[in-house]
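Below is one structure, written out as structure tokens; the observations come after it.
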Amino acid sequence: MKSGRSGLEVIRRAILALFLREIRTRFGKYQLGYAWALIEPVSLVVVIIVIFSAMGAPGYTGISFPVFLGVGVVSYNLFTEISNRSIKAMEANSALFNYRPIRPIDTVIARALLELVLHAGVLFVILGFYWLFGGDVVIGDMPTLIFVYLLLTVLSTGVGVFFMLLTDIYSDAEKVLPLIMRPLFFISGVFFSFERVPRDYWPLLLWNPLFHAIELAREALSHNFRAQGASLVYLALCSIGVMCIALFFYRWRETKMRLR
Amino acid sequence: MIRLEGVSKTYRTQAGLHTVLRNLNLEIPAGAGLGVLGRNGAGKTTLINIIGGAETVDQGRLVTDAHISWPVGLAGGFQPSLTARENVKFVARLYAEKEEIPMILNRVRDFADIGEYFDMPTRTYSSGMNSRVSFGLSMAFDFDYYLIDEVTAVGDPQFRNKCDIALMEKKAKGAGFIVVSHDMDIVRRFCTQVVVLSSQGLRHFDDIEEAIKVYQNNG
């Protein structure tokens, strides 16, 4: 054993070890193993796409409808999965705090990274299938797409950490997040776009960074779909702002938390 | 070296605040064996958890640059759906360099000596098998200090003997020990000094027999 390992190296190792453990625990027990990580969410998204397409949902210029909807559902799922799982991350891993290198926040980060990898995989499998069946798939702006999803991950983790700490103080807080999540599905543009919303109602929706993320990701995956009203700067400010607040809160609470 | 400076720890309970440790000062030199005696609820496990980093202090601080083990034989960190190999790998990733991981896996497998169970989910293990793996895991690393919190000796006499030898080897290599036990033989063998925890605070003894006497008289 070597001593004098730097703080950053300890954190990197802890997160990597937790990440691998989480994958193993969640998918290792099945015959099809890691395939389930993708099969489940992919089939969910496919069902939603089929239903909406059958209902004759309106098309948008510059982007095909399955891509439009796929991006919406995957992004919304990424947000809810990360924030919901973050709340439970510490509690579920509390026995691991006996191992010195692991700090509570590491368990949250490891889970968030796993969700990001899974959902990126889901998105590309869906795009891949659609392309195989002759669909029109373009990756117009890969750097922006990556950046948007990183920011969305930061935002969701920040929200999750915040509610995790709140739950530690008031246990009812964990019931509040799902209450917020459900309406978000309908007001975050999962299945519609700013384009179709009358301008008068924009202020009611524009505050929502998730809406911005979804529209920006669509723009990056289209020929010439325009993310009207959405702003990468606003998404970045929101994500980093929420994360900073969560981290300050965490620093204040870390020593007071009930680890066991 | 491990030093506790003015450490206090209070728990919130439904009956109000409960102070377990109050303004505690303690220094444990490298290679020392410290026995911690006290009645149930005196704060022995809290003290071990603070030294091990599993609990934080309310006041004061813990000063150390030593490698300190998790409580020896701790199996609570095992994920039941994973095999012993996977669980061991997880801990090895935290504490060892990448190229040392195969060696650690071998050490634990040899020590545990549970055959093909090593590659089966730990939820299928008997408590004896569980402690074989978890004890082997603690012994696979060279820590500066080992935390021992009531190793309730499970397993057959042969295995207990094996554990004993492994701990003595660590001691011979110069490792320190912090031992919580109601078994005075273990305290006598591993400790060079003893603290007795009680509601009056902490009393430090260099004479182990004297400490045992005080502890047993106060029951």
Which condition breaks for A:Phe65 when tested against (1) surrounded by 13 or more Cβ atoms within 10 Å (Cβ to Cβ); (2) farther than 26 Å from A:Val137 by Cα?
(2)
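A:Leu221 - would you say it is more than 14 Å from every other protein chain (Cβ to nearest Cβ), surrounded by fewer than 18 Cβ atoms within 10 Å (Cβ to Cβ) and either free of Cβ contacts under 8 Å to residues at least 24 places away in the same chain or out of contact with any Cys (no Cβ under 7 Å at 6 or more places or on another chain) (or both)? Write out each step before concluding.
Details: more than 14 Å from every other protein chain (Cβ to nearest Cβ): yes; surrounded by fewer than 18 Cβ atoms within 10 Å (Cβ to Cβ): no; either free of Cβ contacts under 8 Å to residues at least 24 places away in the same chain or out of contact with any Cys (no Cβ under 7 Å at 6 or more places or on another chain) (or both): yes.
No: the conditions fail for A:Leu221.
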What helices (runs of 4 or more DSSP H), lying completely within the stretch A:1-99, carry at least 3 residues that are within 23 Å of the chain's Cα centre (by Cα) and facing chain B (nearest Cβ under 10 Å)?
A:7-27
Whether any residue in the stretch A:184-192 is free of Cβ contacts under 8 Å to residues at least 60 places away in the same chain and under 15 Å from the mean Cα position of the chain (by Cα) is what I want to check.
no
Could you please find all residues in the stretch A:130-143 being surrounded by fewer than 16 Cβ atoms within 10 Å (Cβ to Cβ) and assigned to a helix (DSSP H, G or I)?
A:Trp131, A:Leu132, A:Met142, A:Pro143
Any pair with Cβ under 6 angstrom, 6 or more apart, that starts in the stretch B:188-212 at a residue that is free of Cβ contacts under 8 Å to residues at least 12 places away in the same chain and ends at one that is among the small types (Gly, Ala, Ser) and assigned to a strand (DSSP E or B):
none
Total residues in the stretch B:174-219, condition small (Gly, Ala, Ser), under 27 Å from B:Cys163 (Cα atoms) and more than 16 Å from the chain's Cα centre (by Cα)
2
Among (1) of a type outside the set (Val, Ile, Thr); (2) in a loop (DSSP other than H, G, I, E, B); (3) in the same structural domain as B:Asp206 (by TED's automatic domain parsing), there is one condition B:Gly73 misses while meeting the rest; what is its number?
(3)
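So is B:Leu74 more than 10 Å from every other protein chain (Cβ to nearest Cβ), touching a residue at least 40 places away in the same chain (Cβ under 8 Å) and buried (at least 20 other Cβ atoms within 10 Å of the Cβ) or not? Working first, answer last.
Numbers: more than 10 Å from every other protein chain (Cβ to nearest Cβ): no; touching a residue at least 40 places away in the same chain (Cβ under 8 Å): yes; buried (at least 20 other Cβ atoms within 10 Å of the Cβ): yes.
For B:Leu74, the condition - more than 10 Å from every other protein chain (Cβ to nearest Cβ), touching a residue at least 40 places away in the same chain (Cβ under 8 Å) and buried (at least 20 other Cβ atoms within 10 Å of the Cβ) - is not met.
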Meets criteria (buried (at least 18 other Cβ atoms within 10 Å of the Cβ), outside any loop (DSSP other than H, G, I, E, B) and at the interface with chain A (Cβ under 8 Å from one of its Cβ atoms)) for B:Glu55:
no
Are any residues in the stretch B:1-47 of a type in the set (A, V, I, L, M, F, W, C) and within 19 Å of B:Arg188 (Cα to Cα), and if so, which ones?
B:Ile28, B:Ala30, B:Ala32, B:Leu34, B:Val36, B:Leu37
Helices (runs of 4 or more DSSP H) lying entirely in the stretch A:156-260 (those with 1 or more residues that are acidic (Asp, Glu), under 28 Å from A:Ile48 (Cα atoms) and out of contact with any strand residue (DSSP E or B) (no Cβ under 8 Å at 6 or more places or on another chain)):
A:173-187, A:209-220
Checking B:Asn106 against (1) more than 16 Å from the chain's Cα centre (by Cα); (2) farther than 30 Å from B:Met129 by Cα; (3) more than 9 Å from chain A (Cβ to nearest Cβ), which test does it fail?
(2)
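The values are calculated or read from the model by the stated rules, or taken from the named source; none is laboratory data. Treat the numbers as computed from the prediction; the structure is a model and nothing was measured. Cβ atoms come from the backbone with ideal geometry, glycine included; neighbour counts cover every protein chain shown.
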